[in-house]
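Some notes on the structure that comes next.
The values are calculated or read from the model by the stated rules, or taken from the named source; none is laboratory data. Just so it is clear, the structure is predicted and the values come from calculations on it, not from any experiment. Every residue, glycine as well, gets a Cβ built from its backbone with ideal geometry; the counts of neighbours run over all protein chains shown.
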Amino acid sequence: MGKLQRIISTAAICQLGEGIHRTSVPIIAATIEVESSGVGLAVAASRLPWLLVSLMAGVAIDRLTAITVLRAGVTIRLIGLTMLLWVLTYGAIDLPLFTCVCFLIASGEVVTEISIQASIPLASHAKYLPNANARMYGIQIVFSQLLGPIAAGLLLATGMSTMVRSTVSLQLLAIFGAFVLCNLLVRHTPRARKINFHSEEGVRLQDVIRFLCKTRSILGIQILASLMMLIYGIWSAVFVLYATDANHGLGLTTFQYGLLMSAIAVGGLAGSITASRITKVVSEFSLVCFACIALVCLTAVCVLSRSTTLVCISLVAYGSSLATWNVAVVTHRQRMSPAFMLGRMTGIYRTCSWGMMPLGALIGAWVTSVQGTIAAFVLASILGLMQLPVIPLLSDMRRRRE
């Protein structure tokens, strides 16, 4: 098994555990605390590490190696899940303890995902990066967004008394398998030499930020990603209300809403399968523009239409655009960023972009409480148009293709 295949196999197992964990957190929290605020607190704790841990993970990757930090991330998840299983089995768990354990497990997930992304260029030739990134995103869709939730759903349906321990046990088994693979990766990775952060190669964090700001295409991608996650945060916070509203929305049942949301995963899977071939004939610039347009169309359709069919088509297109966006943007960043700062570049990217999603959710919830769901979608559409002035920053991506 080659190094890239080991990394992809580790990613698949980690994504399976992540999908199970993400699906089960609100259910487990609901068995502990009946108040919706308590459930929201647990869910927020599982998202907070993207703001607090991403940059530290990037620094550690550049200081050590991506594979070494990957093993550390998997170990953190293994410890957190072991603690959760032990407390659920032999002790009484309350919401504060569960929230803390969720934060620990999610921190390991953040470290793991950033490490895997930073390790791809080390195991794949630059020519084949789009294909490797497409495979990685396809793995994420299949295991994290399809198989993981299905596995959690089947376990959660077996009964409240056993489902919690069964779900956590399956996560623990998956992460233990990833831990074994990580040890094989470390064994086949050359020992990292120590880096002096004040040398030319070991640049400081402020130098990385300066490089990001001076590189027009990477700066443009960063701004677009932040705007897109802000828009998505607004949209995702109110879409369930729109979808289930019989008077001013789609009037779907909870089951139908779940099926509708799976359209994003279907589009993402289709996009990841075709992304490596598309990148051979279409420029990275065009793929980024497609993602921006798809997001604006999704919010606009929610404003102008009450057709479930149109919304479903928009969700599939958005999911497909996410796949092509990830392949184009990640590949471009891997090519443009020096190897010794790729970890910090990835950490900054995740902190600034994913950190906008909870802010968008807060804005969306506030606008909805004051003016209704349609006003929130209108705001998201207007913010989508603000992507247009950023597009010229990506001209280097177009010239590179030409």
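Selection of the range 344-362 for residues being hydrophobic (A, V, I, L, M, F, W, C) and either surrounded by fewer than 19 Cβ atoms within 10 Å (Cβ to Cβ) or not assigned by the TED database to the domain that holds SER217 (or both) yields CYS352, LEU359, LEU362. Checking each residue in the range 287-315 for being in contact (Cβ under 8 Å) with a residue 60 or more places away in the chain and among the hydroxyl-bearing types (Ser, Thr, Tyr) picks out only THR299. Using the structure shown, decide if CYS297 is more than 21 Å from the chain's Cα centre (by Cα) and surrounded by fewer than 23 Cβ atoms within 10 Å (Cβ to Cβ). Against the criterion (more than 21 Å from the chain's Cα centre (by Cα) and surrounded by fewer than 23 Cβ atoms within 10 Å (Cβ to Cβ)), CYS297 qualifies.
Checking each residue of the range 328-345 against the condition of being over 22 Å from ASP62 (Cα atoms) and assigned to a helix (DSSP H, G or I) gives at least one match. Here MET341 meets each of (1) out of contact with any Ser or Thr (no Cβ under 8 Å at 6 or more places or on another chain); (2) closer than 25 Å to LEU219 by Cβ; (3) surrounded by fewer than 20 Cβ atoms within 10 Å (Cβ to Cβ) with one exception, condition (3). Across the range 364-390, the number of residues qualifying as without any contact (Cβ under 8 Å) to a residue 24 or more places away in the chain and part of a loop (DSSP other than H, G, I, E, B) comes to 0. Residues that are in contact with a Cys (Cβ under 6 Å, 6 or more places away or on another chain) and modelled with pLDDT of 75 or more: does the range 46-69 have at least one? Yes, the range 46-69 has at least one match. Of the listed requirements (1) outside any helix (DSSP H, G or I); (2) crowded, with 22+ Cβ neighbours inside 10 Å, VAL288 misses just one: (1).
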